[in-house]
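The structure appears right after this line, and notes come after that.
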Amino acid sequence: MNIKAIVTAALVIGSSSLALAAPAYQGGVQVSNAPVVRDHRTEQQPDFYRPVVQHAPVIIRQPAMKLLANDTKISRWGADKLTFARPMKLQSIKLQGETGRTTVTQVAIKFANGRTQLVQENKLLLKDGCIDIDLAGNVRNVTSIVIYGQGGMRSSFDVMGA
């Protein structure tokens with residue numbers, strides 16, 4: 001046999017057996033013979049498997065204002081008293097100007113437990129103006145409201161509560 005044929009056969013057989021033993025690259029991807037162990041008992045999942053939870057926006061609603069007294073006027077003695085037959089559960093009080101000008105100097109709020117909250121206002125209440133008063137505590141049982149000040153003959157305001 002020809003020496004060239006023997007050498008060529010030896011090279012072909014040798015290179016093919018090396019390629020079968022441990023290929024370094026296959027199709028541009030490195031191939032490893034190490035076994036891949038996957039343990040599915042744990043909760044580790046890729047991020048794309050985790051559900052996306054979107055929380056609804058929190059909407060804080062202000063309590064609806066209810067009319068406690070309409071067209072209230074401060075008398076010539078300088079005070080107007082609102083008394084309720086049963087205690088009203090209120091968080092805040094609003095004085096809404098209707099007509100004219102009213103000077104509100106102080107507001108006294110009496111609660112069902114006998115305590116009184118005094119609020120010094122010293123504000124001028126004009127038409128379409130308002131004075132907001134937050135009550136001490138969360139929701140309080142109000143038995144009466146006294147508004148001190150001075151108003152003209154044509155001045156009036158509404159008392160609202162929430």
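The values are calculated or read from the model by the stated rules, or taken from the named source; none is laboratory data. Computed from a predicted model, the values in this text were never measured in an experiment. Note that we place each Cβ from the backbone using ideal geometry, even for glycine, and neighbour counts take in every protein chain shown.
Here are the numbers:
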| read-out | value |
| --- | --- |
| Top-ranked residue in the stretch 76-118 [being closer than 23 Å to residue 63 by Cβ and among the small types (Gly, Ala, Ser); ranked as modelled with the highest pLDDT] | 108 |
| Selection status of residue 44, under 53 Å from the mean Cα position of the chain (by Cα) and modelled with pLDDT of 85 or more | no |
| Tabulated pairs, the stretch 120-146, first closer than 17 Å to residue 156 by Cα, second of a type in the set (Phe, Trp, Tyr) and modelled with pLDDT of 85 or more, C-beta under 7 angstrom, 6+ apart or interchain | 125/157 |
